[in-house]
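The values are calculated or read from the model by the stated rules, or taken from the named source; none is laboratory data. Because the structure is a prediction, the values reported are computed rather than measured. Here the Cβ positions follow ideal geometry from the backbone for every residue, glycine too, while neighbour counts run over all protein chains shown.
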Amino acid sequence: MDKTKLQWHPAFGAALRITLQDEMQYLEMHEEYLLSKKPLQVDVLIIKKLQDVQIKKTIGRIFRKHNIIEYKSPDDSLSVNDFYKVYGYACIYQSNTDRIKEIERLCCCDESDHKGKLGTDGGGKDDV
């Protein structure tokens, strides 16, 4: 028996077009839409190898097992959209694991004031 994976997306898109055909003049439909111009990549992913070891250096004090970090340059401002982008990265990263709540914390580093600000989620155990 051939184990070729059936591609359902084209058929699903066609079914949606048929279902919505009477109102398609009011809709725009993009199939297999690329969400970014290049493959998604996080600025930094740090995986803490040993959970019982406390990292003493600045940002390392808040590290959990998996840490996704987005860096903002001094010329760039930190916005709510940056949070959404990093949150999206965390969701995609999480979806590629077999465990629930593998990602527990998000960080955005903003160097715009040259001292370094750190935006975190508040630090609760069940945070995403």
Selection from segment 20-43 of residues that are part of a helix (DSSP H, G or I) and charged (D, E, K, R) = Asp22, Glu23
Considering only residues of segment 4-52 that are charged (D, E, K, R) and over 26 Å from Ile92 (Cβ atoms), which is surrounded by the fewest Cβ atoms within 10 Å (Cβ to Cβ)?
-> Asp52
Residues (without any contact (Cβ under 8 Å) to a residue 40 or more places away in the chain and surrounded by 12 or more Cβ atoms within 10 Å (Cβ to Cβ)) located in segment 64-78 | Lys65, His66, Ile68, Glu70, Asp76
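For every residue, the table says whether it meets (1) modelled with pLDDT of 85 or more; (2) surrounded by fewer than 16 Cβ atoms within 10 Å (Cβ to Cβ); (3) among the small types (Gly, Ala, Ser).
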{"position": "Tyr84", "(1), (2), (3)": "yes, yes, no"}
{"position": "Ile103", "(1), (2), (3)": "no, no, no"}
{"position": "Cys107", "(1), (2), (3)": "no, no, no"}
{"position": "Leu118", "(1), (2), (3)": "no, yes, no"}
Exactly one of Arg61, Arg17 is farther than 30 Å from Gln7 by Cβ, basic (Lys, Arg) and in a helix (DSSP H, G or I), and that one is Arg61
Can you pull out the residues in segment 11-40 that are on the phi < 0 side of the Ramachandran plot and at pLDDT below 90?
-> Tyr33, Leu34, Leu35, Ser36, Lys37, Lys38, Pro39, Leu40
Pairs with Cβ under 6 Å, 6+ apart, first in segment 34-58 and more than 19 Å from Tyr84 (Cβ to Cβ), second assigned to a loop (DSSP other than H, G, I, E, B) | Lys48/Phe63; Lys48/Lys65; Ile55/Phe63
